[in-house]
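A short worksheet on the structure shown next.
The values are calculated or read from the model by the stated rules, or taken from the named source; none is laboratory data. Computed from a prediction, not measured in an experiment: that's the story for all the values here. As a convention, Cβ positions derive from the backbone with ideal geometry for all residues, glycine included, and neighbour counts pool all protein chains shown. All accessible areas refer to the heavy atoms of the entire protein, side chains included, with ligands and DNA or RNA removed. Shrake-Rupley method; radii C 1.70, N 1.55, O 1.52, S 1.80 Å.
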Amino acid sequence: MTFDLILRGGTCVSHRGIVPADIGVRAGRIAEIGGLSTAGADQVIDVTGLHIFPGMIDTQVHFREPGMEEKEDLESGSRAAVLGGVTAVFEMPNTRPTTTDPDALADKVRRATNRMWCDFGFYFGASPENAGMLGEWERLPGCCGVKVFMGSSTGDLLLDDEDDLRRVLASGARRIAVHAEDEARLKERKALAKDSAHTHPDWRDEETALRATKRLVRLASEAGRRVHVLHVTTAQEMAFLADHKDVASVEVTPQHLTLAAPDCYDALGTRAQMNPPIRDATHRDALWRAVSAGVVDVIGSDHAPHTLEDKARPYPLSPAGMPGVQTIVPIMLDHVAQGRLTLLQVHDLLCAGPARLFGLMGKGRLAAGYDADFTVVDLAARRTITDSMIASKCGWTPYDGMEVTGWPVMTVVRGALVMRDGELSGGAAGGQALRFWEGRPA
Ligand code: DOR
């Protein structure tokens, strides 16, 4: 029996635990896992000493196309993704124009197909105008779900009125992803944003986040609708969300698990500014406890590639957000090396978790029949993250100069080796729309 590709000699991180096994691939899918030392293949890659995960999925990125291509585009963002070991992304709707109707979604799918390096899903942005239509649209090919901004962030998407929220929750059935900050409180407190990014967490304080999260969970429970609370940042929200796992899933970002105020603002100034903000170490510790306890379902990067020129504007005119799709895997592997989480938790948070939460077909599992998406990592590699290695157009990272242990060395998307040792492997980009159990086929 021959294969198109065999990864030979590696250690698989999977639902079975951490076990040595070869993987045979045929027609873009996993055909066999086990001892394949005598099997033939068109391509055999020796992965001795390396660990193989199901392809890592970043469920929150902003790649800014259409309309903002000078800052980032679907090709450059996805190139950063695969260079960082990410095989699929969910991309956000706060583009220009916003992704708020089927034409805009179809346009993005067209632009992305065979131009992005990884697979992709696109969010619909909820607005007061489209609230009643989303149930029909959320099943369109290439759509990963609906995104709600309860508080203003980058761009004009906003849905803060309770009746509008009820209409969104009543229309459709898929999990809705939500940016939970309370808009009224943000407006009231804007004057607390003084002339330094240090004041960003004072303006957008814990209560701002908690209030929105509580309102969201109340309305979602009333509507009987699943929601996904993006980038949770506070101890108070984690305590509350631990009691509401029947309705709400939880994301945290690597940056909220890694950076803390005030040091990040001392060192990085407005580069550390994002929404919701990086807070002090007591919150960071609470986020880690929530990861350990299993309250956190997925890690997403919230990759928001603002240019250094834009970031240099005086706070609070500087935009919020930082790049992260290329560093999500190395940063989380470094946390493994530091003993803060296990390889199986990484598998849960970046592979199986996204597939389970969002009903992804054929992804997130090392098993025969699943897509042959792999993130191959060298747990012993020590590398220094630098601005110069960032493929995003913004060309910087909040982790510039940080030495980490653990590094993605190969990215395989549906059987195609896309990245090896930090370089694209020479083939054409082959990104395809992700498929969802609750979506319609393309
Ligand atoms: O800091 C952020 N930047 N938070 C968001 O929710 C949006 C993002 C962006 O789009 O720039």
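Structure above, values below:
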| read-out | value |
| --- | --- |
| Whole-number accessible area per residue in Å² for the chain, which is evaluated in the context of all protein chains at 1.4 Å | 36 |
| Estimated vicinal HN-Hα couplings, Hz - segment 97-106 in sequence order (Karplus 6.51, -1.76, 1.60; Gly, Pro = x) | x, 5, 8, 10, 8, x, 5, 5, 5, 4 |
| Within the accessible area of segment 401-442 (1.4 Å probe), percent carbon and sulfur | 53 |
| Top positive-direction residue, dipole computed over segment 127-258 with Cβ charges, set Ser196, Thr154, His231 | His231 |
| Per-residue ³J(HN,Hα) for segment 134-144, Karplus 6.51 cos²θ - 1.76 cosθ + 1.60, θ = phi - 60°, Hz, x for Gly and Pro | 5, x, 6, 6, 4, 8, 5, x, x, 8, 9 |
| Hits among lysines - C-alpha to C-alpha of Lys245 under 21 Å, sequence gap 8 or more where chains match | Lys147, Lys214 |
| Alpha carbon centroid spacing (whole Å) that separates segment 192-228 from segment 363-388 | 33 |
| Extent along principal axes [Cα atoms of segment 368-439; Å; largest to smallest] | 41, 29, 29 |
| Within the accessible area of segment 165-244 (1.4 Å probe), percent carbon and sulfur | 50 |
| Reference-scaled alpha-carbon Rg (2.2 N^0.38 Å with N residues) for the chain | 0.93 |
| Qualifying trypsin sites (Lys or Arg not before Pro) in segment 1-74, DSSP loop, other Cβ atoms within 10 Å at most 12 | Arg16 |
| Per-pair calculated FRET efficiency, R0 = 45 Å: Ala191 and Ala367 via Cβ, rounded to 0.05 | 0.25 |
| HN-Hα J in Hz across segment 75-88 - Karplus 6.51, -1.76, 1.60, θ = phi - 60°, x for Gly and Pro | 6, 5, x, 6, 5, 4, 4, 6, 5, x, x, 9, 9, 7 |
| Separation in nanometres of the label points that stand 7 Å from Cα toward Cβ, at Thr307 and Ala267 | 2.7 |
